Amino acid sequence: MGDRISLTLNMPAAPGVENLGFLVGFDPSVLKALDVVEGELMKQGKLPSNFSKTIDQASGQILVDLAGTGPGGASAGGSVATLVFEVTAAAPQSQITVSRIASSGAGGEALAFAAPEPHTL
């Protein structure tokens, strides 16, 4: 207990992604969400990006939204975000899941991405 763990979420090459949002679920009785740090995915081409995070410790959910500010969006894969947790209780197993992925490209066209497999601790 008291250990910190970091989990980086990566995305393969997905040309044209301009907006990306997703929900992360975790067991709040085992993990305390400390921070979410933006990755380089939406910063490609050295353009600024918009990044927001909402951590709801009580419900065990983190909402993340990213938006690129340049034309064409992300062109190559890369890290989306790094989640930082503190282990607060012993548990034989706990999962971190990513769900409700919403993304769009130029002109607001919806892009589909499959959620990664749950990460088991």
Rounded to the nearest percent, how much of the accessible area of the chain (1.4 Å probe, protein heavy atoms only) is carbon and sulfur?
54 percent
Computed Kirkwood radius, in angstrom, where 1/r is averaged over Cα pairs of the chain:
14.9 Å
HN-Hα J couplings of region 6-11 from phi, Karplus 6.51/-1.76/1.60, θ = phi - 60°, integer Hz, Gly and Pro as x?
10, 10, 9, 9, 10, 10
Relative contact order of the chain, pairs being alpha-carbon contacts under 8 Å that are 6 or more residues apart, as %:
40 percent
I need the calculated FRET efficiency for the pair Leu23 and Asp3, taking r as the beta carbon distance and R₀ as 22 Å, to the nearest 0.05.
0.35
Quick one: Karplus J couplings for region 35-44, per residue in order, coefficients 6.51, -1.76, 1.60, θ = phi - 60°, nearest Hz, x for Gly and Pro?
6, 10, 10, 5, x, 8, 3, 8, 9, 4
Please calculate how many Å² of accessible area the chain carries per residue, with a 1.4 Å probe and no DNA, RNA or ligand atoms counted.
54 Å²
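The values are calculated or read from the model by the stated rules, or taken from the named source; none is laboratory data. Just so it is clear, the structure is predicted and the values come from calculations on it, not from any experiment. Cβ coordinates were reconstructed from backbone atoms using ideal geometry, including for glycine residues, and neighbour counts include every protein chain displayed. What goes into the accessible areas is simple: the full protein's heavy atoms, side chains included, and nothing from ligands, DNA or RNA. Shrake-Rupley method; radii C 1.70, N 1.55, O 1.52, S 1.80 Å.
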